[in-house]
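Heads up: the structure comes next, in structure tokens.
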Amino acid sequence: MEWREEAIVLGVRRHGESSVITELMTRSRGRHLGLVRGGRSRRLQPVLQPGNQVQVTWRARLDEHMGTFAVEPTELRAARLMESSLGLHGVQLLAAHLRLLPERDPHPRLYDGLRIILDHLASEGAGLSALNRREGIAAGEMILRFEIELLAELGFGLDLSCCAATGAHDDLAYVSPKSGRAVSRVAGAPWKEKLLPLPAFLVEAVPSSAADVSAGFLLTGYFLSRHVFEPRGLEAPSSRDAFIAAVAMDASPAGERGL
Amino acid sequence: MAKSIAGPEIERLIQLLAKLPGLGPRSARRATLQLVKRREQLLAPLAAAMATAVETVKVCSTCGNIDTRDPCTICADASRDHSVVIVVEDVADLWALERAKALNAAYHVLGGVLSPLEGIGPDELTIRQLVERIAGGGVKELILAVNATVEGQTTAHYIMDQLAGMDVRITRLAHGVPVGGELDYLDEGTLAAAMRSRTAM
């Protein structure tokens with residue numbers, strides 16, 4: 001068995017003295033594990049960093065075997081991701097989220113989203129400690145949309161298209177914690193204490209603020225916890241809190257605290 | 001199943017030596033053969049040294065280094081600048097920095113890095129002890145000498161967050177071109193980092 005595809009490195013686990021078990025995200029084969037012989041060598045260690053893009057060739061005798069990867073770097077983003085806490089926590093959070101998916105289950109939309117977000121985090125403007133406030137919020141917004149897409153791909157998608165009570169498409173301000181459907185400001189007013197706030201930028205083409213992004217993470221955090229983490233006996237990854245804090249710090253007047 | 005070629009004691013010695021880094025079953029067999037051939041000159045002193053090490057080796061309660069005394073030789077060395085603490089992942093990194101003789105400072109060994117994939121969280125490392133050490137006062141600079149990997153740098157940022165508000169200067173090792181390195185063979189990330197950290201000549 002053999003295939004060849006572009007992939008993004010999510011993480012590695014040591015295997016023996018010189019090899020690693022590498023976790024990759026591919027577009028058509030989803031999250032895939034494989035052994036990389038010599039993965040701890042001086043040549044391959046920089047390549048097998050989370051966030052890097054590689055051309056991978058997978059080989060195994062049978063399809064159900066874990067198999068071995070031969071990797072060649074195509075785009076090395078890790079060094080730039082390491083320049084800011086936003087980039088570091090961002091890539092760790094994305095990898096943690098993708099680990100919730102079953103192995104070898106294709107999720108092309110998540111792969112495309114992952115690639116776009118990593119490019120943004122590693123871009124000249126976003127990967128450096130001189131990152132500006134707008135780009136930090138944009139990174140937060142992108143990962144928030146990634147979480148909404150992740151919920152949908154796991155079968156717990158939110159319906160933010162119209163009000164669950166009236167069918168209205170305008171002035172959607174809340175989300176029902178029970179159904180995951182949007183509720184308009186007027187219809188939700190009597191129960192607003194029990195409803196989750198819906199940031200406007202998720203349903204309209206309006207610019208987002210740091211507070212909006214923070215409210216968005218509360219929304220996705222609630223549904224991720226209820227539908228994904230709690231049923232599996234997991235806790236939200238620590239990188240999630242760290243990323244949200246990095247976005248907030250980045251948006252604050254003091255800005256990014258680089259090393 | 002392959003037949004044993006030696007008694008169980010020797011087989012056991014081969015099995016244990018084969019677990020050491022750099023040794024496989026074949027090289028462990030060769031090492032064992034050397035040891036048993038030179039029983040008086042090599043095997044007996046080695047066994048005695050290992051028995052002594054088992055009895056005396058301990059982890060330093062101050063920095064997490066491995067030594068035969070607590071506090072370790074480095075922490076007890078009054079000639080070192082204890083106001084500067086170098087944070088390393090592992091004792092092997094401490095030894096590497098000591099070999100380089102780059103700085104006559106104190107150390108703190110984390111015992112690893114944060115790794116979600118391997119299930120290593122902050123509680124598995126000595127980060128809490130480091131924070132207590134800094135809070136105790138007397139440390140002016142903390143050098144985060146962790147590996148230039150995503151996990152290493154995530155750990156560095158985590159430590160930085162834990163020390164927020166404390167009166168200590170936090171620095172990290174430079175990233176760039178290694179001595180003897182050829183630009184053509186470096187990855188673009190390292191080259192970009194080196195270019196950004198360029199210094200005046």
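The values are calculated or read from the model by the stated rules, or taken from the named source; none is laboratory data. Just so it is clear, the model here is predicted, and its values are computed rather than measured. Cβ coordinates were reconstructed from backbone atoms using ideal geometry, including for glycine residues, and neighbour counts include every protein chain displayed. Remember, those area values only see protein heavy atoms, side chains included, never the ligands or the DNA or RNA. Shrake-Rupley method; radii C 1.70, N 1.55, O 1.52, S 1.80 Å.
Observations on the model:
- Sites listed here are GluC sites (Glu not before Pro) in the range A:1-90 whose DSSP assignment is loop and whose Cβ has at most 14 other Cβ atoms within 10 Å: A:E17, A:E64.
- What you get for chain A, charging only the Cβ of Lys and Arg (+1) and of Asp and Glu (-1), is a dipole of about 660 debye around the Cα centre.
- Under the combined filter of DSSP loop state and at most 16 neighbouring Cβ atoms within 10 Å, the range A:54-159 retains these chymotrypsin sites (Phe, Trp or Tyr not before Pro): A:F156.
- Residue-normalised accessible area of the range B:59-201, given per residue in Å² at a 1.4 Å probe: 54
- Each 5 Å bin from zero up to the one holding the largest Cα-Cα distance in the range A:72-226 carries the following percent of pairs: 2, 9, 17, 19, 19, 14, 10, 7, 3, 1, 0, 0.
- Mean shadow area of the range A:2-76, taken as a quarter of the surface of its Cα convex hull (nm²): 4.4
- Inter-chain shielding of A:5-11 (mean C-beta neighbours from other protein chains, 10 Å cut-off): 1
- Whole-number D in µm²/s for chain A (Stokes-Einstein; Kirkwood sum over Cα pairs; 20 °C, 1.002 mPa s): 110
- Centre-to-centre separation between the Cα atoms of the range B:137-152 and those of the range A:184-259: 31 Å.
- The trypsin sites (Lys or Arg not before Pro) of the range B:26-102 that DSSP puts in a loop, and whose beta carbon has at most 11 other beta carbons within 10 Å, are B:K101.
- In degrees, nearest ten, helix A:238-251 long axis to first principal axis of chain A (Cα): 60
- Taking the DSSP beta bridges with both ends in the protein assembly as shown, the antiparallel portion is around 70 percent.
- Chain B against chain A buries an accessible area of about 2400 Å², both chains summed, 1.4 Å probe radius.
- Cα centre as origin, Lys/Arg/Asp/Glu Cβ charges: the range A:82-186 dipole, Debye: 260
- Charging the Cβ of each Asp and Glu at -1 and of each Lys and Arg at +1, and nothing else, the dipole of the protein assembly as shown about its Cα centre rounds to 1380 debye.
- Built from the Cα atoms of the range A:130-179, the convex hull projects on average onto 4.8 nm², one quarter of its surface area.
- Range of Cα positions in the range A:1-155 per principal axis (Å), largest first: 50, 40, 22
- Selection from B:V88, B:T68, B:L173 lying farthest towards where the dipole of the range B:66-200 points positive, charges on Cβ: B:L173
- Paired Rg and Dmax values of the range B:66-200, which use every Cα atom, in angstrom: 15.9, 47
- Share of Cα-Cα pairs in the range B:18-116 lying beyond 24 Å, as whole percent: 43
- DSSP loop trypsin sites (Lys or Arg not before Pro) with at most 11 other Cβ within 10 Å excluded, longest remaining stretch of chain A: A:62-177
- Dipole of the protein assembly as shown, positive end: most advanced residue of A:G113, A:A60, B:S197 [Cβ charges, Cα centre]: A:A60
- Here the protein assembly as shown is treated as an ellipsoid with the same Cα gyration tensor; its semi-axes, largest first and in whole Å, are 46, 29, 22.
- Once you reduce the range B:32-78 and the range A:24-61 to the center of their Cα atoms, the two points are 39 Å from each other.
- Global size of the range B:8-56: 11.0, 31 Å for Rg and Dmax (C-alpha atoms, Rg to one decimal, Dmax whole).
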